[in-house]
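*Asks:* Handing you this structure, nothing more for now.
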Amino acid sequence: ADSVCRDADGRLTVAGLDVEAIAREFGTPAYVIDEGDFRARARAFRDDFAAPFDTVCGGADVYYAGKAFLCTAVAKWVAEEGLSLDVCSGGELAVARRAGFPAERIGFHGNNKSLSEIRDALDYGVGRIVVDSFVEIDRVAAIAAELGLVAPVMIRVTVGVEAHTHEFIATGHEDQKFGFSLSGGQALDAARAVLAHETLDLRGLHSHIGSQIFDTGGFEMSARRLVGLHAQIANELGHHSPEIDLGGGFGMAYTSQHTPLQPGEIGEQLADIVGREFKAIGDGDLEKVPVPRVSIEPGRAIVGPSTFTLYEVGTVKPVELGDHHSRVYVSVDGGMSDNVRPALYEADYSCTLANRTSDAEPVLARVVGKHCESGDIVVQDEWLPADTQPGDLIAVPGTGAYCRALSSQYNHTPRPPVLAVRDGRAQVIVRRETIDDLLALDVGSS
Ligand code: LLP
């Protein structure tokens, strides 16, 4: 988190709290989330991103993407900061419900929602269900009929934009499982199918082009194509949808190589494009095709930088690489079970010695976990002081998004707690798993 810093004595602190004291009180490994940082990023999206849309379409909404990280405390922060929430499973919906998240501000995603997930979402009264296939359109319509209500739906559109990101997290290109493709008129047919159902209310179009994206080019292209389809639906099917969602995917800095876009710049550029496209369609007359309200779904850019993972060093081992080169392998008490991103996406992280400063010369280190795989890497390359030793603490920043969310109990490893830090106080918001928790699921054989 940006609020992690070294005090005058060189001690690492977060939101005014000594990191070593956190480790002593709560143990390691632990995810430490800076509540103030999270809230400030959420607010920056709500205010700075949304402001430029005021004159274009009466404002914009920000749906925090819970898939990046969700628990009831975070859902409450999101609600309090005035954001909406994107959930993509019955489990995430259950967290939102337990947090008392306002139903009308929830959007529900997924390419294969179960019947009971759809029923639960409609029953709770979510503000939008993003439909992803013709099968699902009929399914949502039928369940809405059963419940005697009209379901608000958005259509997920595959806009055919190649976002420059890792193949596994790019979603706007054609040959993948999400959405209705624009080419060939499938998305238009989806709109026709939705409009044919009396129990469905077509709220608008949605597209998500990928994740960890650093320029607005892909979003602009996607906005242009969605506006085009929106106009086509208005002209050919006579329906004016009130919303357009451009998805999430705004990148964050994991290392100094990344320069993330600021919410304000994203907002300005997208408001500009949306405004211009609608002028072009409406022939300068916005009355003809009313400009829908724009929304986005950032996850990573809000929660990612707010969190760091705290580990304790267990072993330190020099490994000769030949040519007089060597590397120190520093093993910590977690690894791919609490952060699978390096193994899964070759994601880069950095780290720092957290319990003290050292004047020892820096040596090339690789921070690794405790799991039974050589790919179990926490930080690929980092310069750490040569005297780094067992018992030292290592902090890895930028672990708020898709770390706890993608965590596992690999090797029967209980998952770390999530600690929220605010005003010099730390509080457990998700408790540490125990071996007993794991054993409780194992009911044996009779
Ligand atoms: N909206 C939709 C429909 C999404 O599918 C996603 C992410 C988001 C919003 C939020 O994207 P964000 O702003 O967080 O980039 N596990 C991968 C990321 C997968 C993203 C999946 N969808 C990772 O660790 O990089």
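A short reminder: the numbers here are calculations on the coordinates, not readings from a lab. The model shown is predicted, which means the values in this text are computed figures rather than measured ones. As a convention, Cβ positions derive from the backbone with ideal geometry for all residues, glycine included, and neighbour counts pool all protein chains shown.
*Asks:* Determine if the range 133-147 includes at least one residue that is of a type in the set (D, E, K, R) and touching a strand residue (DSSP E or B) at 6+ places or on another chain (Cβ under 6 Å). Let's see the steps before the verdict.
*Replies:* Start the filter on the range 133-147 by keeping residues that are of a type in the set (D, E, K, R), which leaves 136, 138-139, 146.
Filter again for touching a strand residue (DSSP E or B) at 6+ places or on another chain (Cβ under 6 Å), leaving none.
The answer is no; no qualifying residue exists.
*Asks:* Additional query: Is one or more of the residues making up the range 181-198 part of a strand (DSSP E or B) and free of Cβ contacts under 8 Å to residues at least 40 places away in the same chain? Walk me through it before giving the result.
*Replies:* Just the residues of the range 181-198 that are part of a strand (DSSP E or B), to begin with: 181.
Checking the rest, the ones that are also free of Cβ contacts under 8 Å to residues at least 40 places away in the same chain come to 181.
So far as the range 181-198 goes, yes, one or more of its residues are part of a strand (DSSP E or B) and free of Cβ contacts under 8 Å to residues at least 40 places away in the same chain.
*Asks:* Among the residues of the range 1-28, what is the count of those that are under 18 Å from Pro305 (Cα atoms) and out of contact with any helix residue (DSSP H, G or I) (no Cβ under 7 Å at 6 or more places or on another chain)? Reasoning before the result, please.
*Replies:* The first filter runs over the range 1-28 and keeps only residues under 18 Å from Pro305 (Cα atoms), leaving 1-6, 12-17, 19.
Okay, now just the ones that are also out of contact with any helix residue (DSSP H, G or I) (no Cβ under 7 Å at 6 or more places or on another chain), so 4-6, 14, 16-17, 19.
Within the range 1-28, residues that are under 18 Å from Pro305 (Cα atoms) and out of contact with any helix residue (DSSP H, G or I) (no Cβ under 7 Å at 6 or more places or on another chain) number 7.
*Asks:* Going through Asp442, Asp387, Asp376 one at a time, which residue ends up being over 23 Å from Ile33 (Cα atoms) and without any contact (Cβ under 8 Å) to a residue 12 or more places away in the chain?
*Replies:* Details: Asp387 fails: without any contact (Cβ under 8 Å) to a residue 12 or more places away in the chain; Asp376 fails: without any contact (Cβ under 8 Å) to a residue 12 or more places away in the chain.
Testing whether each residue is over 23 Å from Ile33 (Cα atoms) and without any contact (Cβ under 8 Å) to a residue 12 or more places away in the chain leaves just Asp442.
*Asks:* Among the strands (runs of 3 or more DSSP E) contained in the range 332-419, which hold 3 or more residues that are more than 24 Å from the chain's Cα centre (by Cα), within 16 Å of the ligand (Cβ to nearest atom) and closer than 30 Å to Glu92 by Cα? Give the steps one after another, and end with the answer.
*Replies:* Values: elements: 362-368, 377-385, 393-397.
By residue number, no strands (runs of 3 or more DSSP E) qualify.
*Asks:* Take the residues in the range 368-398 that are touching a helix residue (DSSP H, G or I) at 6+ places or on another chain (Cβ under 8 Å) and of a type outside the set (A, V, I, L, M, F, W, C); name whichever of them is nearest to Thr309 (Cα to Cα).
*Replies:* Initial filter on the range 368-398 (touching a helix residue (DSSP H, G or I) at 6+ places or on another chain (Cβ under 8 Å)): 373, 375-380, 393, 395, 397-398.
Still in the list and also of a type outside the set (A, V, I, L, M, F, W, C): 373, 375-376, 380, 397-398.
Working: Glu373: 20, Gly375: 19, Asp376: 16, Gln380: 16, Pro397: 6, Gly398: 8 Å.
Filtering first and then ranking leaves Pro397.
*Asks:* Sort out which residues of the range 106-118 are crowded, with 18+ Cβ neighbours inside 10 Å and away from the ligand (no atom under 15 Å from the Cβ), and write them in order of number.
*Replies:* First pass over the range 106-118, keeping only residues crowded, with 18+ Cβ neighbours inside 10 Å: 106-110, 113, 117-118.
Of everything in the range 106-118, those that are crowded, with 18+ Cβ neighbours inside 10 Å and away from the ligand (no atom under 15 Å from the Cβ) turn out to be Glu117, Ile118.
*Asks:* Where residues in the range 239-257 are out of contact with any helix residue (DSSP H, G or I) (no Cβ under 7 Å at 6 or more places or on another chain) and not small (Gly, Ala, Ser), which of them is farthest from the ligand (Cβ to nearest atom)?
*Replies:* So the residue we want is Pro242.
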